[in-house]
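Colleague: Got a structure for you, questions after.
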Amino acid sequence: MEYIALTGIADSVIEILKKHDLRTLEIRNPQNFFGILGLNAGDSVLLTSTSLQDLTDGTQGLIARVVQKQISVHSFVSSNELYIEERETLSARIQLECRCMARVRNVISNEIGKPVRVDAREISCYEAR
């Protein structure tokens, strides 16, 4: 089945998500942010600790269902006597519910600036490699 993949997620975050029913993640990584823009509540997403550049066939990850999605803009203003500087950042918060483990069969799209898409299949805990 085809999934949007979020790459470079910390192993500790994936382990926490496995042990708990529901968790919220805040994503600031630009590549993962583009992926989240393509998701809606009810969609499934693949999370992996593997970096974007190392994502290949056989990479393992976790499939989670998106419960909620929220896009936020944060503004920062700093100033002194000489200048005023204003910056804005975008971030996304997604609430996820763990479904199962999976293994990537094929990387469909891995282009910078676009959602990472993979074909993955669910694996059971009894499946040996």
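Colleague: So, I71, is that one touching a residue at least 40 places away in the same chain (Cβ under 8 Å), surrounded by 10 or more Cβ atoms within 10 Å (Cβ to Cβ), assigned to a strand (DSSP E or B) and not basic (K, R) or not?
Modeller: Here the answer is no, as I71 does not meet what is asked.
Colleague: Is it the case, given these coordinates, that E85 is modelled with pLDDT under 90 and of a type in the set (D, E, K, R)?
Modeller: On the way: modelled with pLDDT under 90: no; of a type in the set (D, E, K, R): yes.
When the stated conditions are applied, E85 does not pass them.
Colleague: So, one more: Kindly indicate whether T56 is more than 25 Å from H20 (Cα to Cα), over 15 Å from the mean Cα position of the chain (by Cα) and not in a strand (DSSP E or B). Walk me through it before giving the result.
Modeller: On the way: more than 25 Å from H20 (Cα to Cα): yes; over 15 Å from the mean Cα position of the chain (by Cα): yes; not in a strand (DSSP E or B): yes.
Against the criterion (more than 25 Å from H20 (Cα to Cα), over 15 Å from the mean Cα position of the chain (by Cα) and not in a strand (DSSP E or B)), T56 qualifies.
Colleague: Can you name the residue in the stretch 74-110 that is touching a helix residue (DSSP H, G or I) at 6+ places or on another chain (Cβ under 7 Å) and of a type in the set (A, V, I, L, M) and, of all such residues, is surrounded by the fewest Cβ atoms within 10 Å (Cβ to Cβ)?
Modeller: The qualifying residue surrounded by the fewest Cβ atoms within 10 Å (Cβ to Cβ) is L90.
Colleague: Here's a follow-up. Filter the stretch 10-48 for residues that are assigned to a loop (DSSP other than H, G, I, E, B) and under 18 Å from E111 (Cα atoms) and give the result.
Modeller: Step one: list which residues in the stretch 10-48 are assigned to a loop (DSSP other than H, G, I, E, B), which gives 10, 20-21, 28-29, 38-43, 48.
Matches in the stretch 10-48: R28, N29, G38, L39, T48.
The values are calculated or read from the model by the stated rules, or taken from the named source; none is laboratory data. Being a predicted model, the structure only gives us computed values, none of them experimental. Don't worry about glycine lacking a Cβ; one is built from the backbone with ideal geometry, like all the others, and counts go over all protein chains shown.
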